Structures are given as C-alpha cells and as structure tokens.
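Below is one structure; the comments refer to it alone.
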Amino acid sequence: MKRAVILHGTDGAPDHNWFPWLKKELESRGYEVWIPELPNNHFPNRHVYNDFLFNSGWDFSDNLVIGHSSGAVSTLNLIQDERCPKIDVGVLVGIWASMDGTELDKLQFKDLFGPDGFDFNKLKAKSNHLLFIHGDDDPHCPLEQAKWLAGQTSSPIVILPGGGHLGSNHKELTELITELQNRGWLHESHLD
C-alpha cells in the first residue's frame with residue numbers, strides 16, 4: 001500500500017483547509033494517509049516536529065509527503081533529517097525560505113529553520129521528486145522565495161493565480177492531484 005503524510009502549518013490542524021478533502025482523494029486511490037497534529041504548532045520547531053514524527057512508528061520510506069506553509073518547511077526539514085529514509089514525492093504548498101519578517105515572526109519561527117538553511121543536495125538525493133505549489137498573491141510567503149527553493153532543488157513550481165496562501169480560502173486543492181497525475185507521480189490503485 002502506498003503511504004502519504006500531510007503536514008499542516010502554523011496554528012493548523014488535521015481538519016483544516018483542504019487536508020480532509022486530500023485525505024479522501026488519496027485514500028480513494030489506495031493510499032494509507034496520516035495527518036498528524038503537530039505539537040505546539042504555534043511555534044513550529046524542527047527538532048520537536050522531527051522527534052515527534054520519527055517516534056510515531058510511521059514508516060516514511062517511499063512516501064508522498066505534502067506540507068502547507070510551515071508544514072512545507074517542515075517537509076524539507078523531515079527529508080534532510082538523518083533518520084528519514086528516501087521519500088517518493090514531496091509537495092511544498094505555500095512555502096517560504098527564511099526568516100526576514102518582523103521581530104515577532106523571528107521569535108515565532110526561530111526554531112523552524114536550521115542555522116545553515118537547507119542542504120539542497122541532500123534534499124534532491126533523499127526524494128525522487130519535489131513539487132512546489134504557490135499562489136501568485138500569497139500575502140504571507142513570498143513567491144520569490146518559493147521560486148528560489150524550486151530552482152535550488154531543480155524542481156517544478158506551479159503558480160496558481162489568485163490562490164492566496166492556499167489555506168482556509170480553499171477546501172479543495174484539485175491542482176495538487178492534477179499535477180501529480182500529469183507528472184506520473186501519483187500511484188493509483190482505486191478502491192471500489
């Protein structure tokens with residue numbers, strides 16, 4: 001059975017945004033899907049998250065891992081962790097690359113990003129594919145940063161006009177499924 005993990009963003013939960021819809025879509029295609037509630041997620045912390053995820057008993061081998069916002073950053077943190085096996089596909093929705101916002105932003109996200117940034121060679125080696133999806137008018141995460149990350153990882157980026165942060169304004173994100181299907185990165189075995 002194929003496996004998928006969906007990581008929510010800051011102050012998020014498994015039942016927010018398009019996550020329940022995506023879970024059903026993936027399950028209908030034969031995936032086992034896990035949407036964990038990330039601990040203390042008002043202050044995303046790469047160490048706390050990775051310890052939580054790797055101590056969960058979930059096997060991340062060959063997974064489809066989808067993250068939104070700080071959950072997208074957490075997806076990259078997960079992939080480059082030594083404990084993470086090679087994943088199949090990482091989908092980064094509404095991501096950003098660094099803390100350059102207000103002092104409050106720097107306090108809230110100080111433990112999300114590693115001091116040396118991302119190891120792009122490791123990210124490419126430990127994933128078969130990465131896909132970036134971003135709104136052209138995201139008010140929280142600059143499109144330029146998502147484009148830069150996509151470039152550094154030699155990955156495609158899909159820009160959605162009027163998508164905003166692709167969060168609570170979307171109960172479905174059909175483009176995600178469509179892009180995975182079109183690229184042959186969605187392993188389907190429909191359950192009837």
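What follows is calculated from the coordinates using simple rules that are stated; it is not laboratory data. Fair warning: this is a prediction, and the values are worked out from it, not measured in the lab. All Cβ positions, even for glycine, are placed from backbone atoms using ideal geometry, and neighbour counts span all protein chains on display.
Taking the dipole about the Cα centre of segment 1-136, with the C-beta of Lys and Arg at +1 and of Asp and Glu at -1, give me whichever of 54, 64, 1 is farthest to the positive side.
1
List the lysines whose Cα sits under 30 Å from the Cα of residue 24, skipping any in the same chain fewer than 8 residues away.
In chain and number order, the partners are 2, 86, 124, 126, 147, 171.
Scan segment 1-88 for GluC sites (Glu not before Pro) in coil per DSSP, keeping those whose Cβ has at most 11 other Cβ atoms within 10 Å, and list them by number.
Sites meeting the loop and neighbour criteria: 37, 82.
At most 16 other Cβ atoms within 10 Å and a DSSP loop assignment: could you name the GluC sites (Glu not before Pro) in segment 101-192 that fit?
For GluC sites (Glu not before Pro) across segment 101-192 that sit outside H, G, I, E and B with at most 16 neighbouring Cβ atoms in 10 Å, the list reads 172, 188.
Tell me which of 148, 10, 134 sits at the most positive position along the dipole axis of the chain, charges placed on C-beta atoms (Lys, Arg +1; Asp, Glu -1).
Highest projection toward the positive end goes to 148.
Show the residues, 5+ positions off or on another chain, whose built amide H is closer than 5 Å to the amide H of residue 160.
134, 135, 136
Could you compute the net charge surrounding residue 153? Neighbours are other residues with a C-beta less than 12 Å from the C-beta of residue 153; K and R count +1, D and E count -1.
Result for the local shell: +3.
Taking θ as phi - 60°, what are the ³J(HN,Hα) couplings along segment 79-96 by the Karplus curve (6.51, -1.76, 1.60), each to the nearest whole Hz, with x for Gly and Pro?
4, 8, 5, 4, 6, 7, x, 5, 9, 7, 9, x, 10, 10, 9, x, 8, 9
What translational diffusion coefficient, in µm²/s and rounded to a whole number, does the Stokes-Einstein relation yield for segment 2-182 at 37 °C and a viscosity of 0.692 mPa s, taking the hydrodynamic radius as the Kirkwood radius over Cα pairs?
205 µm²/s
In deg cm²/dmol, rounded to 500, what helix-only [θ] at 222 nm does the chain give when every DSSP H run of at least 4 residues adds -39500 (n - 2.57) and the total is split over its residues?
It comes out at -9000 deg cm²/dmol, rounded to the nearest 500.
Quote the charge dipole size of the chain about the Cα centre in Debye, to the nearest 20; the model charges only the Cβ of Lys and Arg (+1) and of Asp and Glu (-1).
400 debye
Give me 8, 134 sorted ascending by neighbouring Cβ count inside 10 Å, so fewest comes first.
8, 134
Of 67, 163, 151, which has the largest mean-square fluctuation in a 10 Å C-alpha GNM of the chain?
Among 67, 163, 151, the largest GNM mean-square fluctuation belongs to 151.
Collect residues whose amide H, placed 1.01 Å from N in the peptide plane, falls under 5 Å from the amide H of residue 112; neighbours closer than 5 in sequence don't count.
46
How large is ³J(HN,Hα) for each residue in segment 149-159, as worked out from phi by the Karplus curve 6.51 cos²θ - 1.76 cosθ + 1.60 (θ = phi - 60°), to whole Hz, x for Gly and Pro?
Running phi through 6.51 cos²θ - 1.76 cosθ + 1.60 with θ = phi - 60° gives 4, 4, x, 5, 9, 6, 10, x, 10, 10, 9 Hz.
Once you charge only the Cβ atoms, +1 for Lys and Arg and -1 for Asp and Glu, what is the size of the charge dipole of segment 1-70 about its Cα centre, to the nearest 20 debye?
160 debye
Name the trypsin sites (Lys or Arg not before Pro) in segment 111-192 that are in a loop by DSSP and that have at most 11 other C-beta atoms within 10 Å, would you?
171
Counting only C-alpha contacts under 8 Å and six or more residues apart, can you give the relative contact order of segment 46-120 as a whole percent?
It rounds to 34 percent for segment 46-120.
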